[in-house]
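The values are calculated or read from the model by the stated rules, or taken from the named source; none is laboratory data. Quick caveat: nothing in here was measured; it's all calculated off a predicted structure. Glycine also receives a Cβ, built like all others from the backbone with ideal geometry; neighbour counts cover every protein chain displayed.
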Amino acid sequence: MYNSKMHELGSKRSVIRELFEFGKKRAAEVGADKVYDFSLGNPNVPAPECVREAIAELNAMKDTTLLHGYTSAQGDAGVRKDVAEYINERFGTALTADSIYMTVGAAAALTICLNALTVEGDEFVTVAPYFPEYKVFTEAAGAKFKVAPMRREDFSVDAGALSALINEHTKGIILNSPNNPSGVVYSEACIKEVCAILESKSKEYGHPIYLISDEPYRELVYGGVEVKYLMNYYANTLVCYSYSKSLSLPGERIGYIAVSNRAEDERGIYAAICGAGRALGYVCAPSMMQYVVRKCLRAKPDIEAYRANRDLVYNALTEFGYECVRPDGAFYLFVRAPGGDSDEFCERAKKYGLLIVPGGDFGAPEYARIAYCVSHDMIERSLPAFRELMAEYAERLQG
Ligand code: PLP
């Protein structure tokens, strides 16, 4: 007999998958040009030129045994050293190669951290709205998952609500900024408030409460907004980074964990991370991609393309009367369902060919997520549909 929990996870189609299937069916019925798929967070901006050059250069090597061979379980030592030095140069930290564990994206980074830290009875807290897989990863690691409601005015952290959920069993919290699904970037004041809570609760309960900072969207910010480096605010921080969005490489599965050099017993934590990587089989992240990202540490995605999309969709939808959270980062717009029921809203949207994701699984059931990492042209063509959908609601709500 198989594990029923795993069977359930594997059998239940995600809302996003459902939308994808629906989109294919609808395209066959009405034509692909009348289906506007905003469901997936798959970057539409091509990888920076540096990635193509690095792959070409590596492929030109005569002896490919190194390129395609195993690296150390935690990643190639030279790659880890360069990653650490790049972080130090950018954020003033003092990391070494042995602070870094290369992973298959942020998903594996998170899973490894959660498994490395969890002992029986532990709990992790995150803040709504949140990436739904946090629940899956946390529970699979054997910990209890709790969600603090967000601050409604600006979708940042409600410090009081977060603090109220932390108790003697809390092993850590997971923060994600720039945020999927809201696009919000937490301000320095918000970060300081959260870190002060973690300091005081750690003291109160006599053990460190870890901060897991999930940062796949770190490089995707608009208008000079700064994403603070959380290790510089709180010693017991683990950063989960990914090149999926920053270098448009989601299918290549590459990222890393960085353990703060100021963390309590940081050697112990790093060893536990290596152990969790080993136990989960997450050893030796794809070697070729390790060498590629090493060559592209300073490369940036085409932020202008995402910014132009953000401006187009945000300005148009607010003009049509939608209530939107203004995103400073990532490539998502979180919009309030007129009427407040996002399941119903997303269902109605389908009639107009609009595929958007209801917010229930993100911990915000009144909202829906629009992933604008799509062509500018498709956004332009979709706007009349958004306008008609709003008009339908206006009529219904008035009548
Ligand atoms: N964390 C967040 C907030 C995400 O949005 C995603 C992917 O969309 C991940 C983690 C997983 O990223 P990766 O593709 O690097 O595993």
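Between Val136, Val104, which is modelled with pLDDT of 95 or more, within 12 Å of the ligand (Cβ to nearest atom), in contact with a helix residue (DSSP H, G or I) (Cβ under 7 Å, 6 or more places away or on another chain) and not charged (D, E, K, R)?
The conditions single out Val136.
Scan (1) surrounded by fewer than 21 Cβ atoms within 10 Å (Cβ to Cβ); (2) under 30 Å from Leu383 (Cβ atoms) for the single condition Phe38 breaks and write down its number.
(1)
Would it be correct to say that His7 is touching a residue at least 40 places away in the same chain (Cβ under 8 Å) and surrounded by fewer than 14 Cβ atoms within 10 Å (Cβ to Cβ)?
no
Give me a count of the residues in region 120-133 that are within 12 Å of the ligand (Cβ to nearest atom), out of contact with any Asp or Glu (no Cβ under 6 Å at 6 or more places or on another chain) and in a loop (DSSP other than H, G, I, E, B).
Final tally of qualifying residues: 3.
Ser213 fails exactly one of the following numbered conditions: (1) in contact with a helix residue (DSSP H, G or I) (Cβ under 7 Å, 6 or more places away or on another chain); (2) surrounded by 23 or more Cβ atoms within 10 Å (Cβ to Cβ); (3) in a helix (DSSP H, G or I). What is the number of that condition?
Just one mismatch for Ser213, condition (3).
If only one of Ser287, Ser248 is within 13 Å of the ligand (Cβ to nearest atom), more than 30 Å from Lys171 (Cβ to Cβ) and of a type in the set (Ser, Thr, Tyr), which one is it?
Ser248
Can you name every one of the helices (runs of 4 or more DSSP H) wholly within region 1-62 that holds 1 or more residues which are hydroxyl-bearing (Ser, Thr, Tyr) and more than 16 Å from the ligand (Cβ to nearest atom)?
Here the list reads 4-11.
Only one of Tyr322, Tyr243 is of a type in the set (Ser, Thr, Tyr) and within 16 Å of the ligand (Cβ to nearest atom); which?
The unique qualifying residue is Tyr243.
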